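Notes for the one structure printed next.
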Amino acid sequence: MDFQSPLLAKARWRPVEFVVWAVAFVLPLLLPSHALMINEIAIVALFAMSLDLILGYTGIVSLGHAGFFGLGAYTAALFAKHVMPDPTVGLVVAIVVAGLLGTIASVTILRGTDLTRLMVTLGTALLLLELANKLDWLTGGTDGLQGVVMGPVLGKFDFDLFGRTAAWYSLSVTLLLFLLMRRLVHSPFGATLKAIRDNRLRAMAIGIPVVPRLSVIYTIAAAVAGGAGALLAQTTGFASLDVLAFDRSADVMLMLVIGGVGWLYGGIAGAIVFKVLQDTLSAVTPQYWMFWIGLILVLLVLVGRDRLLKPWTWFGARKSAGSAKP
């Protein structure tokens, strides 16, 4: 029996995927006034995909993923301010530093239950937040790290006030890391991650090295999150305690709830919906926009993601697997 055929079939690109990414890169030209928002969506989409690597494909729940995001942001900002302003070099350094922290932090998620992991991951992020607050001589503390000036991308493309260069830069990095993550999850390595997610004891019984697999994927997810944080610091020229706040981890979790876990495009879809809703609702009701997002999430849970856009099906009885007719 050929076990590689299903993996190869899933790994093939579909025409709609080419259309999605082509539209994404054309949008800064079609909507120049929204280039900054497109840039932010690309960054949070990459952040959401990094969390999906451990949540959707491995079953590791984390409330402290913002720790890696914030570390990447501060690393890129400090590197640009004190070493060199080249954004691509700073991006690589931030990814490596966040990956190293992910390797160290992976030890904390190898034992214990989901509740234990929640508390440990949250504690890691809170420790980094307090360190950034106390080391104000380095990070700027509550005032944030100011005076960060970025050089041109690849030495040719300067960051403009309209945000188009920033949008294309973030989209390019997001696409590159997406390709790497897509190849990873559709590989035999990705198949073993799903086996660990579904039943860790069974995975160990058939010879899958569970502990090394979890450490590797946690490191990769941390590195990608650090890259997303670096993009935010580089395109805004600023890093503050906000990048390490609990709200970051909560928001990215909400994005995956909206878009769905276990497929990378879920993080992208969730980021788009969440940021568009946030921008629209905060303009209409600045004080109560979170109420409306919460209401949408309640509806999402009650009626299901597939039926949310079909109100006429909300009050019908769902068909259970046992009652389905052959």
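How would you classify region 41-149 from its alpha-carbon gyration tensor, with a ≥ b ≥ c the square roots of the eigenvalues: rounded for a/c under 1.5, else prolate if a/b is greater than b/c, otherwise oblate? Mind dumping the intermediate values first?
On the way: a/c = 2.30, a/b = 1.59, b/c = 1.45.
It is prolate, given that a/c is not under 1.5 and a/b is the larger ratio.
On the protein heavy atoms, probe 1.4 angstrom, tell me the percent of accessible surface of the chain carried by carbon and sulfur.
Details: 11920 of 16930 Å².
Carbon-and-sulfur percentage of accessible area, whole number: 70.
Which values, in whole Å and largest first, are the semi-axes of the equivalent ellipsoid of the chain obtained as the square root of 5 times each eigenvalue of the Cα gyration tensor? Kindly include the intermediate steps, with their values, before the conclusion.
Values: eigenvalues 200, 127, 89 Å².
One finds semi-axes of 32, 25, 21 Å for the chain.
Kindly state, to the nearest 0.05, the FRET efficiency for Asn199 paired with Gln146, given R0 = 45 Å and r defined as their beta-carbon distance.
Details: r = 50 Å, r/R0 = 1.11.
With R0 = 45 Å, the Cβ-Cβ based efficiency is 0.35.
Kindly state, to the nearest 0.05, the FRET efficiency for Val23 paired with Phe162, given R0 = 30 Å and r defined as their beta-carbon distance.
Working: r = 19 Å, r/R0 = 0.64.
Here the calculated transfer efficiency is 0.95.
For the chain, what does the accessible surface come to per residue with a 1.4 Å probe? Please give it in Å². Before the final figure, lay out the partial values.
Details: 16930 Å² over 326 residues.
Per-residue accessible area for the chain comes out at 52 Å².
With n ≥ 4 as the cut-off for DSSP H runs, can you work out [θ] at 222 nm for the chain, using -39500 (n - 2.57) per run divided by the number of residues, rounded to the nearest 500? Could the numbers behind the result be given before it?
Numbers: 14 runs with 222 residues, N = 326.
Calculated at 222 nm, the ellipticity per residue is -22500 deg cm²/dmol.
Taking amide H positions as placed in the peptide plane 1.01 Å from N, state which residues far from Ala239 in sequence (5 or more) or on other chains have amide H under 5 Å from it.
Residues meeting the amide H criterion: Leu145.
Against the longest alpha carbon principal axis of the chain, how many degrees, from 0 to 90 and to the nearest 10, is the axis of helix 164-185 turned?
Taking Cα atoms only, the helix is inclined about 40 degrees.
Across the chain, how many lysine pairs, 8 or more apart or on two chains, come within less than 24 Å at their alpha-carbon atoms?
On the way: Lys10/Lys194; Lys81/Lys134; Lys81/Lys156; Lys275/Lys310; Lys310/Lys319; Lys310/Lys325.
Close lysine pairs under the 24 Å cut-off: 6.
Along each principal axis of its Cα atoms, how long is region 240-297 end to end? Whole angstroms, biggest number first, please.
33, 27, 15
Based on the mean of other Cβ atoms within 10 Å per residue, sort peptides 65-73, 161-169 so the most packed one is first.
Working: 65-73: 31.8, 161-169: 20.9.
Result, highest mean Cβ count within 10 Å first: 65-73, 161-169.
The values are calculated or read from the model by the stated rules, or taken from the named source; none is laboratory data. Treat the numbers as computed from the prediction; the structure is a model and nothing was measured. Glycine also receives a Cβ, built like all others from the backbone with ideal geometry; neighbour counts cover every protein chain displayed. Side chains are part of the model used for accessible areas, which takes the heavy atoms of the whole protein and leaves out ligands, DNA and RNA. Shrake-Rupley method; radii C 1.70, N 1.55, O 1.52, S 1.80 Å.
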